[in-house]
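Novice: Take a look at this one; I'll ask things after.
What follows draws every value from the coordinates through simple rules; no lab data is involved. It should be emphasised that the depicted structure is a prediction, and the values quoted were computed from it without experimental measurement. Positions of Cβ are backbone-derived with ideal geometry, glycine not excepted, and every protein chain shown enters the neighbour counts.
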Amino acid sequence: MFVTFYTSRIVLEYLGVIDFGIYNIVGGVVVLFSFLNTAMTTSTQRFLNIELGKANNAGAIKIFSMSITIHFFLAIIILILAESIGLWFLNSQINIPEDRIEAANWVYQFSLFTFLVQILRVPYNASIIANERMSFYAYVTIAETIFKLLIVFLLIAFGGDRLIMYAFLVLFVAILIYIIYYIYCKRYICFCRYCFFYDYTSYKELLTFSGWSIFGNISNVSVQQGSNILLNIFFGVSINAATGIANQITHAVYNFVSNFQIAFNPFLTKIYAENKIDELKNKIIQLSRFSFFLYFIIAFPLFLTIDFVLEKWLIDVPEYTDIFARFIIVYLIFDVVSSPLWITAQAIGNIQKYQIIIGIVTLVNLPLSYILLQYYDYPPLVWIIRIFIAFFLFGYRIRYVNEKIGLPIILFFKEVIFKNILLLILGTVFPIIMFCWIGNNSWMSFIITFFIAFISSCLSVYLLGLKKQERNHIASFICNKIIKK
């Protein structure tokens, strides 16, 4: 997380606001095609976890092989679409300064091939997560972060067009990480053995599930990148720089929680495959609580001190960056808490109705944003709209899982929603008062505010969020560690 913060600062400094904004918007055009890849990632993990839950190694080999074949053809399809529709869109619709059009096209090509490498990596990534090889996943993630830090130092030393060089080095790192994944899976995961075969029924089952996932992911990617494009059309490339920085800050924090959620993804799916429905209900509630606790402890201190962090972190802070960051932090609360719900929905498998409703409601973001931006000259409106729609979708996910497996709604509200609201109220009052009193304009005031916010969130989680049994378990764990030392 800290390396990501430092890397983003140096990249912005040496690229400049305009080139940094170009990189974010051009990369966004490539990501428009990622809905296919995201859907297949979800499908591959789901079917691998089901087979592993049944202890069916032959079935896992079959799923892995089908996934390799499908991702290869997906890469070809996306390459064709990106080099035709995507290239036209970049050169005719995106607001880019004329003297940077050539550089933007080079960045587009490097970003496209980075994305294609990531597509081919998906079956191996899914296999590692399905096998719960979290230590390897952690080491490679750290290595990837360090490689990106090395990119920054190379960028500083490079005297040519740094925007093009940066995009090329990102592609190089993607290829290197793919090779590491490939070698590890071939050597240490028994079912990562590719053998081409054609079984109409198996491919149909996998692609049918993927088809409905594609619809949901089209909606998510369209809103994510469509909002970025709308901001570019209405306000220019500098707003894209602000969005890019705010996203990097908040997603660095969110990744702290999402890695915890990646660990329980295969766990929930395997429980469902073993038909342990009562245990699944309890784990959904428990993991929703823990996800919020982790996020609250990290995100709340940043929410309070974001202005000072941006001021000291960046040389040139684009306008609206602090506001974007705060709205994104609020928006991600719903994503964090609802993660066990949508993972369970994917595990259940019959997702046609679920994806149609989620997809259509998600897409409402774009027309609403367009209409309001016509009348109100305020870029953060796009995030205000997304927060309200995320709230609605959170309620629908609760209802859907209740219909499918009988998730107790009253208990979920009591244990998750009510307790989280209580934490937000009681855990934030004193830090906010102190923030208003001492300000946020010096290192001393920043340290005091951040420390108070962090301690307050930790104490609130420990005393109000955790149950007695969970508090005793943590206390026992800490005591055992101290005694051993």
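Novice: Of the options 480, 122, 407, report the single residue whose Cα projects farthest towards the positive end of the charge dipole of the chain (beta-carbon charges: Lys, Arg +1; Asp, Glu -1).
Specialist: Result: 480, furthest along the dipole toward the positive end.
Novice: Take each uninterrupted DSSP H stretch in the chain, measure its Cα extent along the helix axis, and return the ones at 15 Å or beyond whose mean Kyte-Doolittle hydropathy is at least 1.0.
Specialist: Span-like helices, by this rule, are 2-31, 57-81, 134-157, 162-188, 321-348, 352-363, 381-405, 443-460.
Novice: Report, ordered by chain and residue number, the lysines lying within cross-link reach of residue 312, taken as a straight Cα distance under 22 Å and ignoring same-chain residues fewer than 8 apart.
Specialist: Candidates past the 8-residue exclusion: 148.
Novice: Students often forget the sequence filter, so: which aspartates and glutamates lie under 13 Å Cα-Cα from residue 353 once same-chain residues fewer than 8 apart are removed?
Specialist: The qualifying aspartates and glutamates are 403.
Novice: Taking the Cα centre as origin and putting +1 on Lys and Arg beta-carbons and -1 on Asp and Glu beta-carbons, what dipole magnitude results for the chain, to the nearest 20 debye?
Specialist: It comes to approximately 2060 debye.
Novice: Give, as a single signed number, the net charge of other residues whose beta carbon lies under 15 Å from the beta carbon of residue 457, with Lys and Arg counted +1 and Asp and Glu -1.
Specialist: +2
Novice: So, one more: Give me the number: length gained by fully extending residue 145 to residue 470, i.e. 0.36 nm times residue separation minus the C-alpha to C-alpha distance, one decimal in nm.
Specialist: Full extension from residue 145 to residue 470 adds 113.7 nm.
Novice: While we're looking at this one, here's another question. Rg to Rh ratio, the stretch 58-128, alpha-carbon atoms and Kirkwood radius?
Specialist: 1.16
Novice: Let me ask something additional. In nm, give the distance between the simple-model label positions of residue 436 and residue 56, each being 7 Å from the Cα along the Cα-to-Cβ direction.
Specialist: Going by the 7 Å Cα→Cβ label model, 6.0 nm.
Novice: Would you kindly calculate the translational diffusion coefficient of the stretch 427-485, applying Stokes-Einstein with the Kirkwood radius from alpha carbon pairs, for 10 °C and a viscosity of 1.306 mPa s, and quote it in µm² s⁻¹ without decimals?
Specialist: For the chosen part, D equals 120 µm²/s.
Novice: OK, next. In the stretch 370-432, which chymotrypsin sites (Phe, Trp or Tyr not before Pro) are in a loop and have at most 14 other Cβ atoms within 10 Å, using DSSP for the loop call?
Specialist: When the chymotrypsin sites (Phe, Trp or Tyr not before Pro) of the stretch 370-432 are filtered for loop state and at most 14 Cβ neighbours within 10 Å, 376 remain.
Novice: Find the relative contact order for the chain and round it to a whole percent, using C-alpha pairs within less than 8 Å whose residues are 6+ positions apart.
Specialist: Rounded, it is 21 percent for the chain.
Novice: Taking 7 Å along the Cα-to-C-beta vector as the label spot, tell me the residue 87-residue 207 distance in nanometres, rounded to one decimal.
Specialist: Placing both labels 7 Å beyond Cα along the Cβ direction yields 2.7 nm.
Novice: Another question, if that's okay. When we measure straight from the Cα of residue 467, which lysines land under 25 angstrom away, once same-chain ones fewer than 8 places off are left out?
Specialist: Filter leaves 276, 281, 283, 414, 419, 481.
Novice: Return the distance in nm (one decimal) between the two label points of a simple spin-label model at residue 391 and residue 316, each offset 7 Å from Cα along Cα→Cβ.
Specialist: Taking the two extended label points, one gets 3.8 nm.
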